[in-house]
1. What's the total number of residues in region 234-251 that are surrounded by 17 or more Cβ atoms within 10 Å (Cβ to Cβ) and over 12 Å from ILE138 (Cα atoms)?
2. For region 17-47, which residues satisfy the criterion of being of a type outside the set (Asp, Glu), under 22 Å from LEU70 (Cα atoms) and touching a helix residue (DSSP H, G or I) at 6+ places or on another chain (Cβ under 7 Å)?
3. Would you check if ILE295 is free of Cβ contacts under 8 Å to residues at least 40 places away in the same chain, farther than 15 Å from ASN161 by Cβ and of a type in the set (A, V, I, L, M)?
4. Which count do you get for residues in region 71-124 that are among the polar types (S, T, N, Q) and in a strand (DSSP E or B)?
5. Of the residues ALA111, ALA91, ALA98, which single one is in contact with a helix residue (DSSP H, G or I) (Cβ under 6 Å, 6 or more places away or on another chain) and either more than 22 Å from VAL163 (Cβ to Cβ) or of a type in the set (A, V, I, L, M) (or both)?
6. May I ask you to list pairs of residues, at least six apart or on different chains, whose Cβ atoms are under 6 Å apart, with the first in region 78-91 being in the same structural domain as ILE104 (by TED's automatic domain parsing) and surrounded by fewer than 23 Cβ atoms within 10 Å (Cβ to Cβ) and the second being of a type in the set (Lys, Arg) and part of a helix (DSSP H, G or I)?
7. If only one of ILE137, ILE132, ILE168 is in contact with a helix residue (DSSP H, G or I) (Cβ under 6 Å, 6 or more places away or on another chain) and of a type in the set (Val, Ile, Thr), which one is it?
8. Hey, any hits in region 70-87 for a residue that's more than 18 Å from the chain's Cα centre (by Cα) and either among the aliphatic types (A, V, I, L, M) or over 29 Å from ALA153 (Cβ atoms) (or both)?
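The values are calculated or read from the model by the stated rules, or taken from the named source; none is laboratory data. Here the structure is a predicted model, which is why all the values come from computation and not from measurement. Quick reminder, even Gly has a Cβ in these numbers, built from the backbone with ideal geometry, and neighbours come from all protein chains shown.
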Amino acid sequence: MKIARLSYDNSETYGFVKGDKVATKDDITYHTGVPIPQSIKDFLFDGWYEEIKDKIAELPYNEDISNFKLLTPIPNPSKVICLAFNYIDHAEEQGLLAPDDPAIVLKPRTALNSSDSDIECPDFVSQLDYEIELALIIGKKCKNISEEQAKGAVFGYMVFNDVSARDIQFKDKQFTRGKGFDSFAPCGPWITTKDEIKDPQNLKMITKINGEIRQNSSTEKMFIKIPEIVSKISRVMTLEKGDIISTGTPAGVMLNKPNAVFLKDGDKVEMEIENLGILRNNVKIVNSQDRSFCIK
């Protein structure tokens with residue numbers, strides 16, 4: 001099932017997506033008789049989704065998805081965890097070996113961004129780069145779990161763009177600031193539950209910038225595979241419901257490329273992972289002083 005978080009007339013809701021149609025939360029309640037909660041996180045992780053699962057086939061899809069604004073699929077996750085150099089082809093293009101253990105980068109939740117929204121890049125960033133990634137949504141609180149247990153801890157998947165300011169990254173000689181700007185983690189367009197994905201380690205991945213293919217790879221090139229990723233990260237930190245783990249990017253980014261063509265104002269970024277949908281964003285260069293505020 002594809003589950004989207006949505007906005008209509010400044011009101012938040014969620015629903016199931018089929019093609020270009022939606023069955024909204026109100027539709028689901030009306031046709032199943034189950035008073036599902038307002039919060040998508042409560043619905044997904046507190047048993048409500050499982051309760052109505054056998055009734056989903058009966059639902060009508062009457063609303064056009066174009067009537068809604070897509071929101072970030074998971075609001076306020078406790079953690080957004082990204083992996084560095086976890087694709088063999090990406091590590092090779094950087095002259096590196098993929099690490100045996102997850103090289104973890106944490107993004108702040110304020111970096112989260114939705115499909116069809118702008119990637120807002122401050123005007124002092126000069127080397128803005130893209131990274132298509134397969135993101136996991138954790139569905140169970142877990143710690144020190146085995147790889148077999150890890151398979152059951154994943155609720156679903158989505159497309160994730162680990163946007164990076166390479167000039168900041170090189171200056172700092174670490175990742176946090178260069179990857180932590182507001183809006184630098186577009187994801188979505190929705191969550192696809194794991195039962196819809198036969199093999200998450202064999203999904204085509206394509207990034208297009210203004211229609212030009214820049215990344216063309218597959219999740220099969222992932223070095224550390226999904227169960228091992230989840231198991232090993234759980235040895236470091238407790239994973240909680242709604243946590244996002246983004247599993248690394250394949251070759252094709254601009255990092256360390258001669259004559260690199262970094263993202264610029266007005267660029268259209270389109271990322272597609274097989275069976276998960278298309279994540280679309282435009283780049284907008286902004287004057288950081290114009291965005292100043294402080295709320296008591």
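1. Within region 234-251, the subset surrounded by 17 or more Cβ atoms within 10 Å (Cβ to Cβ) is 234, 239, 241-251.
Going one step further and asking which of them are over 12 Å from ILE138 (Cα atoms), we end up with 247-251.
Summing the residues that are surrounded by 17 or more Cβ atoms within 10 Å (Cβ to Cβ) and over 12 Å from ILE138 (Cα atoms) in region 234-251 gives 5.
2. Keep residues of region 17-47 that are of a type outside the set (Asp, Glu), which gives 17-19, 21-25, 28-41, 43-45, 47.
Among the residues that remain, those that are also under 22 Å from LEU70 (Cα atoms) are: 17-19, 21-25, 28-29, 36-41, 43-45.
Residues satisfying the conditions are VAL17, LYS21, VAL22, ILE28, ILE36, PRO37, PHE43.
3. Numbers: free of Cβ contacts under 8 Å to residues at least 40 places away in the same chain: yes; farther than 15 Å from ASN161 by Cβ: yes; of a type in the set (A, V, I, L, M): yes.
Yes.
4. Step one: filter region 71-124 for residues among the polar types (S, T, N, Q), giving 72, 76, 78, 86, 94, 110, 113-115, 117.
After this cut, where a residue has to be in a strand (DSSP E or B) as well, the list is 113, 117.
Total satisfying the criteria: 2.
5. Working: ALA111 fails: in contact with a helix residue (DSSP H, G or I) (Cβ under 6 Å, 6 or more places away or on another chain); ALA91 fails: in contact with a helix residue (DSSP H, G or I) (Cβ under 6 Å, 6 or more places away or on another chain).
One residue alone meets the criteria, ALA98.
6. ILE88/LYS221; ASP89/LYS221
7. Working: ILE137 fails: in contact with a helix residue (DSSP H, G or I) (Cβ under 6 Å, 6 or more places away or on another chain); ILE132 fails: in contact with a helix residue (DSSP H, G or I) (Cβ under 6 Å, 6 or more places away or on another chain).
Exactly one residue qualifies, and that residue is ILE168.
8. Residues of region 70-87 more than 18 Å from the chain's Cα centre (by Cα): none.
Within region 70-87, not a single residue is more than 18 Å from the chain's Cα centre (by Cα) and either among the aliphatic types (A, V, I, L, M) or over 29 Å from ALA153 (Cβ atoms) (or both).
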